[in-house]
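Take a look at the structure set out below.
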Amino acid sequence: MACQSSLTHGVTVDSFATLNCAGFFIIGPDLSAANGTQTGRYGIRIDNAIGVTVQNCKVKGYERGVRVSGSSTGVSITDVETKKNTRYGAEVSGGASATLTRVQSINNGDEGWHISGSGTVEITNSLAYLNYKEGFYCLNCANVTIRDSQATENSQDTSGTHQDVYIDTP
């Protein structure tokens, strides 16, 4: 199997692997950490991987619930819930490309979704709800499509000007 557990991350998923959690939780050590705390721990980590499928997982208690980064391509994430992570529920960054369907990011300590400098990203039928700052935060997002998705009741942080959706294209 090409999935590995570690002391830092919940599960690291390598190329051509499928992770099906069958609805079970991956619970990290950061549940009691303050919002915005950077711990370097990711619940599901996909880095420079090809042809990865993640499905039916629930992730909480990490800095980032799901992180897709590097030159990752052909990544499919379906029916995943991320909540109570100190920073991001789901992140796609560093040139990575992914398709995310029915992914819920709820009550995370920064953004529900953080997308920056990514390749092609498609988000469909997904939700950002009750996150501390933005629901969907998209920086340099020329190749990102968000459809049939909702961002509601985000911006719980009253110290700044945050919004449900922030999009910045190059």
Structure-derived Kirkwood radius over Cα pairs in Å: which label, when the choices are [x] 15.2; [y] 16.3; [z] 15.7: [x]
Listed residues LEU19, ILE115, THR145: farthest to the positive end of the dipole of the chain (Cβ charges): LEU19
Backbone HN-Hα couplings from phi across region 43-49 [Karplus 6.51/-1.76/1.60, Hz, Gly and Pro as x]: x, 10, 10, 10, 10, 6, 10
Extended-chain gain in nm, criterion 0.36 nm per residue less alpha-carbon gap, THR99 and THR145: 15.6 nm
Packing-based ranking, highest mean first, of 36-43, 81-88 given that Cβ atoms within 10 Å are counted: 81-88, 36-43
Principal axis dimensions, largest first and in whole angstrom, of region 32-105 by Cα: 34, 23, 11
Solvent-accessible heavy-atom area per residue, rounded to whole Å², over the chain at 1.4 Å: 44
Where ILE27, ILE44 fall by accessible area, highest first, once all protein chains stay in place (1.4 Å): ILE27, ILE44
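Rounded to a whole number, what % of the accessible area of the chain do carbon and sulfur atoms account for, probe 1.4 Å?
44
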Region 47-148: C-alpha pair distances exceeding 21 Å, %: 21
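The values are calculated or read from the model by the stated rules, or taken from the named source; none is laboratory data. Treat the numbers as computed from the prediction; the structure is a model and nothing was measured. Cβ sites come from the backbone with ideal geometry, for glycine too, and all protein chains shown count toward neighbours. Note: accessible area is taken over every heavy atom of the protein model, side chains too, but ligands, DNA and RNA are not part of it. Shrake-Rupley method; radii C 1.70, N 1.55, O 1.52, S 1.80 Å.
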